[in-house]
Every structure is written in structure tokens, then in C-alpha cells.
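Peer 1: Supplied in C-alpha cells, the structure appears directly below.
The values are calculated or read from the model by the stated rules, or taken from the named source; none is laboratory data. Predicted model only: the values in this text are computed from it and were never measured. Cβ atoms come from the backbone with ideal geometry, glycine included; neighbour counts cover every protein chain shown. Side chains included, ligands, DNA and RNA excluded: accessible areas come from the protein's heavy atoms. Shrake-Rupley method; radii C 1.70, N 1.55, O 1.52, S 1.80 Å.
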Amino acid sequence: MASNPSLVMRILSASVAVSNRASNIIRNVLTKGDLGIVEKGKNDLQTEADRSAQRCIVASLHKQFPNVAIFGEEDEMTQRTLSFVNKPQYGTLSSCVPHWTPPKILELYDKNQNLQLDPQETIPKDFIELNFDEEVLKHTCPEYLKDTKDEDVVIWVDPLDGTAEFTQGFLDHVTVLIGISVKGNAVAGVVHQPWFNFEKPGLPLGRCIWGVIGLGAFGFERETPPSNKVIVTTSRSHSDRMVTEAVEACNPDEVVRVGGAGHKVLLLIEGKVHAYVFASKGCKKWDTCAPEAILHAVGGTLTDFHGIRMNYSADVQRKNTGGVLATVADHGKFLGCIPEHIRDAMDKSSPAPELDFKGIVVCGGADLEKAKQNNGQVSAAKNPSPEENAESKSSSDKVPNDVNTKL
Ligand code: AMP
Ligand code: MG
Ligand code: MG
């Protein structure tokens, strides 16, 4: 174990451990067979697996890090169950929480150590994960994160990403996402895939991918995407005309429509696609924080449609209203493919305060500037040809040595 691990590495290590637990909980819900589906909004579902995994992750991380802000997708439910405490602990799905107060729920454990949230709602003791993942703690925290304090951190939790696909049996689209942001910057994260290998009996079921910008990413085999074609991934259940138009503007040879922001970023880092293009305001901060950090840790980029990285401070709006564009390389070229009217329809995100990444390449707005310089008007930029992709791949795919390390 690294001596005296930093706050960020301890949170990451706890997040890996709790994602394993949440993943078990999710699989058990499916095994029991009653998904308990609730419609939160139009085309927006929640199941017992989302609710139970959220309780497990938020309660566990809160117990370990009581002064760190944690926001989860199902907070409305958590807030309802915590309402008797009469404190504004969590943000709701749509609201901003400019002056967030850390919740004080530690005193709510009953004599059996079950977390008693309200008279009807008890979080079982075995939902509380207090272990740390030892593998994570073997690594030394990058210098720029060493002095991070509780109040600098916001944890963004999507207990089950890809709910629509989960209810339809596309199990490998499902991921558990725990993103760690520091001063508004996504810096570390966990993407856990509970049903990885589910169609390959005999192989271990599930896997956990984690990473830190400046350290690398672990738990998967890094591949580079094919150089002779352009493959773009996008939503399969939240598509509309603009989503499709933006994808088509990238002139793809192949379009991969799958569920989950986490799953799509896994396709990117495993070299199965070149870009994730989503011209929609539907994706939220808990969808992108962990994937963005892991993608960035291996040299990729995730921004809005204006080339601005997302801001993950506690007071930001939950929706990524600028859309989502994620790439392993050639970010500026893909940005340059997006027609002006689509870019105009997407809001400009408020940029996160720059962390001093100390020599680590921070991609973002600069890519768009480069695209403009190279191609004149961004709207007139030509689509990336396979040759150009191949050419820039060799120069921009600087994979840290440790990326292929398996857990
Ligand atoms: P998808 O690629 O459709 O799986 O979307 C990625 C993430 O964004 C998932 O968590 C979705 O629930 C969320 N999302 C995207 N679009 C919408 C939408 N129109 N309404 C609700 N959630 C959405
Ligand atoms: Mg999600
Ligand atoms: Mg979700």
C-alpha cells in the first residue's frame, strides 16, 4: 500500500470496493425477477436495482467520507427516504444546490448497525461496504491531487447506467458509475460492468475499470480502433433527428447504437469505436463524470459540442445541455464535423476551473481552436478520412505504459 494514501486514492479505492457490492446487488435483483419498474419521466425508467445500488453506494461512501459531497441519479428517492431528518442533504434531479451541506446520517444506524432511513426504509447492514480495494492503494496519487481536501471533492454516482437496456435484457450495456471530481474537474472514476462476459460461461462474470488522470486506467485491455474506417457510437433508446444528424455528419462507415454512457466510453477505450456523438441535452453529470475521467486518463477527450470539458462542481446543473462528444483521438476533427446549427442548438457549458495538471495534457476548448485554425470555419471542416484518422492516431494515441494492467 502507498504510505499515507491521499483522499482521492482512498475515495477511489472505496469506490472500487462499493461498486463490486453494488454490482452484486444489481445482479441479485435480476435473479429474483421483480424489477419494480417506475417511470421517472418520459423515456426515463428506474428499477429496484437502480434504487438498491444507489442506497448501497451513497450510504457506504457517506459513512467513509462524511464531509464529502455525493450526488446520485436517484437522489430524489434518497431525499424522500431521508426527509424525516429534515435537512436538505441532497440535490434533486433538476435543482442546483449552491450551498450544499454534508448530510449527517451516521447517527441513524440502529443497534444492529442497519441504517434506519425512515420507518419504512432500512438499508440492510450488508449494503454498507466499508472495505478499501488494496490494488488501488498500491498506486501513488499524482502530485497535483495530493493536497485535495474534502470540500474540493464532489462524487457523482449513477448506480445503474443503461436502465432502459437493463429492462430489455441488454445486460452488457449496464454499468455502475462513480465519478470523482476535484474543483469541478473529473479526475478519477470507476466504471463497473456487472454482466461483462455474461454470454461466455466459464469466464469470470463482471469487471471493474478504474482510472485517475495522471496515473492511467486499469482493468481492461486497451486497443486502438481500426484505421481503415470510422465507427461512431450513440444512444439506442434516446435518439431523435438531431442525434442522428450529428452522427451522420461525422460520415461514419458504421454506427453502433448501444445503451449507457459508461458502456459507450468502454467501447472507445477498448478501440471498438472512434467517437461517441450525442447531440442531446439528456445526459447528466453522473453519466459522464467517471467515463470522462477514465477516458482522459488514457489520453482521450470528452467535451460538449463546443469543445468545453464538463464542470462537475456541486452547484452546476445536472444536465449536460451542451451535448456529449467523446473520442480517443482527433477530437478537433470530430468537433469540426458538427454542423453549425447543431452546435448552436447545444448550450455552451460553464468551464471547470483549471486544475494544475502539471504537464498532463488537458484537452478541451483548445481542440476546437485547432480545428478552426486547420480548417477555416468549423462548420466547413471536412470529415475525418480513414487516412487522416490513421495518421493522427499514431501521434495522438500516447497510451501510458500501465494502461493494459489488469486488476
Ligand atoms: P443512452 O445513451 O440513451 O443510454 O443515454 C446515456 C445516459 O443519458 C443514460 O443514463 C440515459 O438515461 C441518459 N439520457 C440520455 N437521454 C435522455 C433523455 N432524453 N431522458 C432521460 N435520460 C436520458
Ligand atoms: Mg445513466
Ligand atoms: Mg442510472
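Peer 1: So if the hydrodynamic radius of region 232-328 is defined as the Kirkwood radius over C-alpha pairs, what does Stokes-Einstein give as its diffusion coefficient at 37 °C and 0.692 mPa s, in µm² per second? Don't skip to the end; give the middle numbers.
Peer 2: Values: Rh = 13.2 Å.
Stokes-Einstein gives a translational diffusion coefficient of 249 µm²/s.
Peer 1: A follow-up question, please. Net charge near L7, counting Lys/Arg +1 and Asp/Glu -1 over other residues with Cβ under 12 Å of its Cβ?
Peer 2: Values: positive: R10, K146, K149; negative: D147, D150, E151, D152.
Local net charge: -1.
Peer 1: All other residues with a Cβ under 15 Å from the Cβ of Q317 taken together, and with Lys, Arg as +1 and Asp, Glu as -1, what is their net charge? Mind showing how you got there, number by number?
Peer 2: Working: positive: K281, K284, K285, R318, K319, K348; negative: E73, D75, D287, D304, D315, D347.
Net charge around Q317: 0.
Peer 1: Quick one: accessible surface of T244, probe radius 1.4 Å, all protein chains present, in square angstrom to the nearest 10.
Peer 2: Roughly 50 Å² of T244 is accessible to a 1.4 Å probe.
Peer 1: Quote to one decimal, in nm, the extra length available between T167 and D356 on full extension: 0.36 nm per residue of separation minus the C-alpha distance between them. Display every interim value, and only then the final one.
Peer 2: Details: separation 189, 0.36 × 189 = 68.04 nm, distance 4.20 nm.
Working it through step by step, the gained length comes to 63.8 nm.
Peer 1: Could you check the spin-label model distance between K272 and D150? Points 7 Å from the Cα along Cα→Cβ, value in nm.
Peer 2: Placing both labels 7 Å along Cα→Cβ, they lie 4.1 nm apart.
Peer 1: Shifting gears a bit: How much of F198 can a 1.4 Å solvent probe reach, expressed as accessible area in Å² and rounded to 10?
Peer 2: Rounded to the nearest 10, the figure is 70 Å².
Peer 1: On to the next question. With a ≥ b ≥ c taken as the square roots of the eigenvalues of the C-alpha gyration tensor of region 152-209, please select rounded if a/c is under 1.5 and otherwise prolate if a/b is larger than b/c or oblate if it is not? Before the final figure, lay out the partial values.
Peer 2: Numbers: a/c = 4.84, a/b = 1.99, b/c = 2.43.
It comes out oblate by the Cα gyration axes.
Peer 1: Taking 0.36 nm per intervening residue step and subtracting the Cα-Cα distance, what contour gain separates T140 from L205 on full extension?
Peer 2: Details: separation 65, 0.36 × 65 = 23.40 nm, distance 2.87 nm.
Contour length minus Cα-Cα distance gives 20.5 nm.
Peer 1: Does region 188-267 classify as rounded, prolate or oblate by the C-alpha gyration tensor (a ≥ b ≥ c root eigenvalues; a/c under 1.5 gives rounded; else a/b over b/c gives prolate, otherwise oblate)?
Peer 2: On the way: a/c = 1.84, a/b = 1.58, b/c = 1.16.
Verdict is prolate for region 188-267.
Peer 1: While we're on this one: What does the extension gain come out to for N43 and E245, with contour length at 0.36 nm per residue minus their alpha carbon separation? Before the final figure, lay out the partial values.
Peer 2: Values: separation 202, 0.36 × 202 = 72.72 nm, distance 2.05 nm.
Gain on extension, N43 to E245, equals 70.7 nm.
Peer 1: Just the projected area, averaged over all directions, of the convex hull on the alpha carbon atoms of region 9-73: how many nm²?
Peer 2: It is 4.9 nm².
Peer 1: Sort S350, S23 from largest to smallest accessible area, using a 1.4 Å probe on the heavy atoms of the protein chains.
Peer 2: These residues rank, largest area first, as S350, S23.
Peer 1: With charges set only on the Cβ (+1 for Lys and Arg, -1 for Asp and Glu), what does the dipole of region 256-353 come to about its Cα centre, in debye to the nearest 20? Walk me through the intermediate numbers first.
Peer 2: Working: 12 positive and 9 negative charges, 42 e Å.
Computed charge dipole of region 256-353: roughly 200 debye.
Peer 1: Here is a follow-up. At a 1.4 Å probe radius, which order do L130, L268 fall into by accessible area, largest first?
Peer 2: Working: L130 80, L268 0 Å².
Final ranking, largest accessible area leading: L130, L268.
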